[in-house]
Amino acid sequence: MEGEINNLILVWSIVVASLCYTHKVAQIFPTGNPRIIAIFPIIILFLLLPLNFTSIHFSGITSFFISWLSTFKLLLLTFNQGPLSSHPPIPLSLFLPLACFPIKIQQSPKKPHKSPLNPVVKVTILALLIRVYAYKSHIHPHIIMLCYALHMYLMLEMILSLFAAAVKALARVELEPHFNEPYLATSLQDFWGRRWNLMVSNILHPTVYRPVRAASARLGLGRWAAIPAVLATFLVSGLMHELIFYNIGRMRPSGEMIGFFLLHGVSLSLEIVVKKMCEGRLRLPRAVAGVLTLGYVIYTSFWLFFPPFLRAKSDLRSCRESLAFMEFVRNRRLVEPSEVSCPFL
């Protein structure tokens, strides 16, 4: 663990130094090939940085934050687009968190929305899930995977909310929410485009969806130009998830992640086609549509998304790393020793 902490300090020091360099480059070269040439090595470096870790926590977070989102933001910046491009230039104090973390500044004030799942409820559910894992040998595997799905959502939302809260407090800016109650989705369009992990949608839309849709329109696809754009967006998402899972498990990619996202890209495309052809005449009751949408997402995740996660023994490794971190902190005498057990072991 001590070695991993040192790697964490080294990697994120490189990230900060690289972004300081990029911020200066963007001011020296307003646009064009010189900017692309200057920034491109940083993009390659960011793709490789998670390989310095063996911890799934550090490699997973760095892969998501840096190798995926930050890299795509830098790609947009090379063409003078995206959240990092601004006139006048964004100050370095705001450029760094915007580039490092999955956050987006809220452009216009919005009425605050109170979710029925407040932080206390989410922590309580998470604690109950951890207790359930202690009896997983007596529980059907599909129920355990359903618990994993809920666990992943809660952990992802809580981690992203913590980073957003820190940036909001330090930079004094209002930020867009990361999730919009995905459990209330009534269609795949609603789930992927307006509710689930909105920071990913916000970065894939300008980098993949819009360019492909514009190219499809120029080719004469007209009202169907969105279909290739949707498929391309989900393909890129699948590739980036394969990269993240490789960094986490160091296992040869199986293609299941790409299969999962391509399946949802095809399904969402069919949904778009049906809606356009029916022109609003076919509408399911909201409750029925919600059950079908979540049921489809969960079922396909059992089939394609979670198997590589489980083959890499990510649940066991996550728990062991948590225990190792607690032991590391105890050895530094920051907390009192206590008996800790892992529900996975």
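Read the figures in this text as sums done on the coordinates, not as results from a lab. Computed from a prediction, not measured in an experiment: that's the story for all the values here. Every residue, glycine as well, gets a Cβ built from its backbone with ideal geometry; the counts of neighbours run over all protein chains shown.
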Notebook entry, point to check: Under 5 Å between amide H atoms, partner at least 5 residues away or on a different chain: which partners does residue 175 have, H built in plane at 1.01 Å?
Noted result: 106
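In nm, what is the difference between 0.36 nm times the number of residues separating residue 105 and residue 31 and their Cα-Cα distance?
24.3 nm
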Notebook entry, point to check: Counting only pairs 8 or more places apart or on different chains, how many lysine pairs in the chain have C-alpha atoms closer than 21 Å?
Noted result: 11
Margin query: Spelling out what I want: for every residue of the stretch 254-268, take phi, set θ = phi - 60°, compute 6.51 cos²θ - 1.76 cosθ + 1.60 (Karplus), and round to whole Hz; glycine and proline get x.
Written below: 9, x, 5, 5, 4, x, 4, 6, 5, 4, 6, x, 5, 5, 5
Item checked: Alpha carbon convex hull of the stretch 2-106, volume per residue in cubic angstrom -> 89
Note to self: Going by amide H atoms built from the backbone, whose H comes under 5 Å of the H on residue 81, apart from near neighbours?
What the structure shows: none
Notebook entry, point to check: Pick from 161, 187, 137: which is most flexible by mean-square fluctuation in a GNM of the chain where alpha carbon atoms under 10 Å apart are linked?
Noted result: 137
Next item on the list: With a ≥ b ≥ c taken as the square roots of the eigenvalues of the C-alpha gyration tensor of the stretch 180-312, please select rounded if a/c is under 1.5 and otherwise prolate if a/b is larger than b/c or oblate if it is not?
Entry: oblate
Next item on the list: Name all residues of the stretch 146-162 having a backbone nitrogen under 12 Å from the label point set 7 Å from the Cα of residue 310 along its Cα→Cβ direction, giving them as ranges.
Entry: 146-149
